[in-house]
Amino acid sequence: MNGGTDLLGVVSSLLGPGGGSAVDPVEAAARVAWSALVEPGDAVGGLLVQGLGAERSFALVRAAVDDGPELLVESCRDAGLPGAESPSVLTGAVAEALARWGPRLGRVDVLAALDAARAVGARLLVPGAAGWPRAVDDLGPHAPIVLWTRTGRRADGPAVAVVGSRANTVAGAEATAEITSVAADRGCTVVSGGAYGIDATAHRVAVAAGTPTLAVLAGGIDQLYPAGNFELLRNVARQGALLAESPPGTRPTRWRFLARNRLIAALGAATVVVEAGARSGALNTAHHAAQLGRSVFAVPGAFSSSASVGCHRLVAEGRAQIVVHPEDPVDTVLGRSRHATPGRGRSSSSGTPVLAGREDPEVLRVLDALGRRALGEQELAARSGMSFAEVADALALAELQGLVVHGVGGWTRA
């Protein structure tokens, strides 16, 4: 990583007051380079950065793309990284990662990302710097490598994540408003994804109540999406904060929406799902929250409502507690904050998938292609006879449904 004086000065300035002295600006710049290289939640990239350091691992990756992965693999073994005990698995995971990263490597431009962030008044957050939300560290190798933020007010209190259907009912909006109002009255930060529907309602109520609220974006910190919520997201930035892990300029995609859900789940001490259809992304957030041991609540509507199918299944399968009173999620969060009790959410491994994903023919073909060992998307495409794009879409849907997980070696059944 080439740390020029101008580059390091910009990094230090974007880390904010006290941030530059708390972290090594060269390491911070290398983390920015990594964030431009990998997609959110890339486990191999996360392990390399955590185990070898951002600057060293990035230099090793650059060398590996040109000279082969031997030195990188050897460095991983010497550092005792998870998976190093199986050289063939480690070598395969590294080789697949290099194939993913190679096409982007020549386009990584750290200074351009920093300048774009500075143009919209964003700050850079890295582990150890002021303002880094330590709750995301619970994601392990899937934790964000950096975060970008636009903030007008620091949120220090316990947080409740509120997510749900984009096409909510009136009853769903009313339930969201009540739960969010209670959270605001009790001093909790409200976390959501800035989308239409339940997300927007939660943010609007929090802004109106004067309580901090966080919106986690699926693209860059300069991409206020959806366009219809532009002014709302600007208000969120003034009232609380916008957070993004992809570099400025990154457009939101279906995969990145799914990936950002893990951050919403990690930031909230409890996650509340207010209405969710059979394929709602809010179910993906609930899945991540349960995996992290966070409490999960659901607010189902009428059993005949398609907007509540997902919530009904969460409750029926014991994956979520039903909200009987608007104070229920906040009581759990505050009790947890005071007493540090473990979350009551159930891991997805203890039950059946939220959705009947095997009814989808493309998901079925991908599941059939998965064996006992982890596989990459290229191998899955070859085994299933599907295109790479079809495999990627099927895996995204299967992950949303809790049927598959992505780890160091690739994709496996959940």
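The values are calculated or read from the model by the stated rules, or taken from the named source; none is laboratory data. Note that this is a predicted model, so its numbers are computed, not measured. Positions of Cβ are generated from backbone atoms using ideal geometry, with glycine treated the same way; all protein chains shown enter the neighbour counts.
Brief remarks on what is shown
- Enumeration of residues in segment 178-201 that are touching a Leu at 6+ places or on another chain (Cβ under 9 Å) and either closer than 14 Å to residue 240 by Cβ or β-branched (Val, Ile, Thr) (or both): 187, 188, 189, 190, 191, 192, 193, 194
- Contact map, segment 77-89: residues that are touching a residue at least 40 places away in the same chain (Cβ under 8 Å) and surrounded by 13 or more Cβ atoms within 10 Å (Cβ to Cβ) paired with residues that are β-branched (Val, Ile, Thr) and in a loop (DSSP other than H, G, I, E, B), Cβ distance under 9 Å, separation 6+ or inter-chain. Pairs shown: 82/408; 83/408; 89/408.
- Condition check for residue 136 on (1) assigned to a loop (DSSP other than H, G, I, E, B); (2) closer than 26 Å to residue 279 by Cα; (3) among the aliphatic types (A, V, I, L, M): one failure, at (1).
- Verdict on residue 143 being small (Gly, Ala, Ser), at pLDDT 95 or above and either within 28 Å of residue 291 (Cα to Cα) or touching a Phe, Trp or Tyr at 6+ places or on another chain (Cβ under 8 Å) (or both): yes
- From the list 400, 395, 314, the lone residue that is at pLDDT 80 or above and either assigned by TED's automatic domain parsing to the domain that holds residue 48 or under 20 Å from residue 43 (Cβ atoms) (or both) is 395.
- For the criterion of being basic (Lys, Arg) and within 17 Å of residue 257 (Cβ to Cβ), residue 166 passes.
- Scanning segment 221-254 for residues that are part of a helix (DSSP H, G or I) and either farther than 25 Å from residue 279 by Cβ or of a type in the set (Gly, Ala, Ser) (or both) returns 227, 228, 230, 231, 234, 235, 236, 237, 238, 239.
Quick grid of which residues meet (1) polar (S, T, N, Q); (2) out of contact with any Lys or Arg (no Cβ under 9 Å at 6 or more places or on another chain):
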position: 154; (1), (2): no, yes
position: 181; (1), (2): yes, yes
position: 188; (1), (2): no, yes
position: 193; (1), (2): no, no
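- The condition of being touching an Asp or Glu at 6+ places or on another chain (Cβ under 8 Å) and either crowded, with 20+ Cβ neighbours inside 10 Å or closer than 22 Å to residue 278 by Cβ (or both) holds for only one of 374, 394, 414, that being 394.
- Criterion violated by residue 314 - all others in (1) within 13 Å of the chain's Cα centre (by Cα); (2) part of a helix (DSSP H, G or I) satisfied: (1)
- Verdict on residue 212 being buried (at least 24 other Cβ atoms within 10 Å of the Cβ), touching a residue at least 40 places away in the same chain (Cβ under 8 Å) and more than 27 Å from residue 405 (Cβ to Cβ): yes
- Flag: residue 30 matches the condition of being within 15 Å of residue 124 (Cβ to Cβ), without any contact (Cβ under 8 Å) to a residue 40 or more places away in the chain and assigned to a helix (DSSP H, G or I).
- Index of the failed condition, residue 48 passing every other in (1) out of contact with any Pro (no Cβ under 8 Å at 6 or more places or on another chain); (2) more than 30 Å from residue 261 (Cβ to Cβ): (2)
- Candidate set: segment 291-308, residues that are farther than 30 Å from residue 407 by Cα and outside any loop (DSSP other than H, G, I, E, B); chosen: the one farthest from the chain's Cα centre (by Cα): 306
- Identity of the residue in segment 169-182, in contact with an Asp or Glu (Cβ under 9 Å, 6 or more places away or on another chain) and crowded, with 24+ Cβ neighbours inside 10 Å, that ends up nearest to residue 326 (Cα to Cα): 179
- Selection count, segment 289-309, where residues are surrounded by fewer than 17 Cβ atoms within 10 Å (Cβ to Cβ) and among the hydrophobic types (A, V, I, L, M, F, W, C): 2
- Pair list, Cβ < 6 Å and 6+ apart or interchain, from segment 303-317 residues that are under 14 Å from residue 290 (Cβ atoms) to residues that are of a type in the set (Ser, Thr, Tyr): 310/280
- Close pairs from segment 106-126: first part of a helix (DSSP H, G or I), partner of a type in the set (D, E, K, R), Cβ under 7 Å, at least 6 apart: 116/222
- Identity of the residue in segment 384-414, among the polar types (S, T, N, Q) and free of Cβ contacts under 8 Å to residues at least 24 places away in the same chain, that ends up nearest to residue 314 (Cα to Cα): 384
- Among the candidates 254, 260, the residue that is in contact with a Pro (Cβ under 9 Å, 6 or more places away or on another chain) and basic (Lys, Arg) is uniquely 260.
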